[in-house]
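Heads up, the thing below is written out as structure tokens.
Readers should treat all values here as calculations from the given coordinates under stated rules, not as data from a laboratory. The structure displayed is predicted, hence computed values, not measured ones. Cβ sites come from the backbone with ideal geometry, for glycine too, and all protein chains shown count toward neighbours.
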Amino acid sequence: MFNVSYDGSGKKVLWQEFWRHEFEEALAHDPVVIVPTGSVEQHGPHCPMDVDITGPFYMAVAAARRVEEFPVLVAPPVWSGFTHYNMGFPGTISLRLETYQALLADVLRSIYANGFPRTVVINGHGGNTAPNRAVTTQLGEENIFPITFSYWQAVRDEMAAWSEADNGQVGHGGEWETSLQLYLRPHLIDRSRMVADVFPNPYSDALRSFAEYAERRRDTALHTGVMGNPLVASADKGERLFNAVVGKLIRLAREMHQAPVRQYKEFGSHCP
């Protein structure tokens, strides 16, 4: 099980734990800041509410600890997400789309204003994927260029190869999210309540890759809130998934550290 609180090295990686002089020292070495985003929402009867934020947060911390040659900081996670469609079960906390996007944008603006132009947003909630992308596109006009992705986008091939039931899809409280939690926090998974369920789509297999409705409350075939099969989940799968994402995140941080900072007006501010 991954210990997020302390790894024995004494190395600080959490933004909120830094002293002022440590920020100043980090700024001298082209640091990278990782911002985890997620949500607090129902994940079926067997998972806790914070599945979507603990995954990317723990991944960010692990990556930051493993990079030794320059500073990697983990910003306080944006734990609340855009997830109105999970409000049909108790425990979900959802922000309006405009509230969530404004919150994330202001966090990224603040990090940039502190002198940190190299930023990665790693997301763990499907409902945030499009809003995160929209925010980072918007901020480009302000000369702020984060990289944003949902963690499963970085390991599609690995998930497809390792999947036993969910065809490599991250689902919702299914094979992969449950596996990740069994690795990170097994004490918070209730195996006795696990059920398999699917997200219904009325269209043919030939169309489902692009013809898909937005989700709605309780929108699973058996009304369990699960999309996928947690019965085949395991801590071993979760560990493999975790380390695969962390490896990609480390590589991204290293390449971002080496690359020049992207500039909006690099080619001029107006047409010739």
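Worth a mention:
- Helical mean residue ellipticity (222 nm; -39500 (n - 2.57) per DSSP H run of 4+; nearest 500) of the chain: -11000 deg cm²/dmol
- Stokes-Einstein D in µm²/s, Kirkwood radius over Cα pairs - the range 11-102 at 25 °C with 0.890 mPa s viscosity: 167 µm²/s
- Loop-located GluC sites (Glu not before Pro) in the range 196-239 whose Cβ has at most 13 other Cβ within 10 Å (DSSP): GLU212
- For the chain, modelled as a GNM whose springs connect Cα atoms under 10 angstrom apart, the maximal fluctuation among SER94, SER150, SER204 occurs at SER204.
- DSSP-loop chymotrypsin sites (Phe, Trp or Tyr not before Pro) across the range 1-90, with at most 12 other Cβ within 10 angstrom: TYR6, TRP19
- The distance separating the Cα centre of the range 108-126 from that of the range 62-103 comes to 11 Å.
- The phi torsions of the range 167-184, fed into the Karplus equation with coefficients 6.51, -1.76 and 1.60 and a -60° offset, translate into couplings of 6, x, 7, 5, x, 8, x, x, 4, 8, 5, 5, 4, 4, 6, 5, 7, 7 Hz, rounded to whole numbers, with Gly and Pro shown as x.
- Taking 15 Å as the straight-line reach from the Cα of LYS265, the aspartates and glutamates in range (excluding those fewer than 8 positions away in the same chain) are GLU141, GLU142.
- Taking Cα centre as origin and charging only the Cβ of basic (Lys, Arg, +1) and acidic (Asp, Glu, -1) residues, the dipole magnitude of the chain rounds to 120 debye.
- Backbone HN-Hα couplings from phi across the range 119-128 [Karplus 6.51/-1.76/1.60, Hz, Gly and Pro as x]: 9, 10, 10, 10, 10, x, 10, x, x, 8
- Put simply, the amide H of THR148, placed in the peptide plane, has neighbours under 5 Å in VAL121, leaving out anything fewer than 5 places away on its chain.
- Between ALA235, ALA259, ALA60, the Gaussian network model of the chain with springs among Cα atoms under 10 angstrom shows the greatest mean-square fluctuation at ALA259.
- Three-way shape call for the range 184-272 based on the alpha-carbon gyration tensor, with the a/c threshold at 1.5: oblate
- Residues whose amide H comes within less than 5 Å of that of SER163, counting only those at least five positions distant or on another chain, are GLY168 (H built at 1.01 Å from N in the peptide plane).
- Answer label for volume of the Cα convex hull per residue in Å³ (calculated), chosen among (i) 136; (ii) 168; (iii) 149: (iii)
- Contact order for the range 153-252, expressed relative to its length and based on alpha carbon pairs under 8 Å spaced 6+ residues apart, stands at 41 percent.
- For the range 15-258, the relative contact order works out to 24 percent when only alpha carbon pairs closer than 8 Å and six or more residues apart are counted.
- Cα lying deepest toward the dipole's positive end in the chain, options HIS125, HIS223, ASN143, charges on Cβ: ASN143
- Qualifying lysines (Cα of each under 27 Å from Cα of LYS237; at least 8 residues distant if same chain): LYS248
- Cα-based equivalent ellipsoid, the range 51-142: semi-axes from gyration tensor eigenvalues, Å: 24, 18, 9
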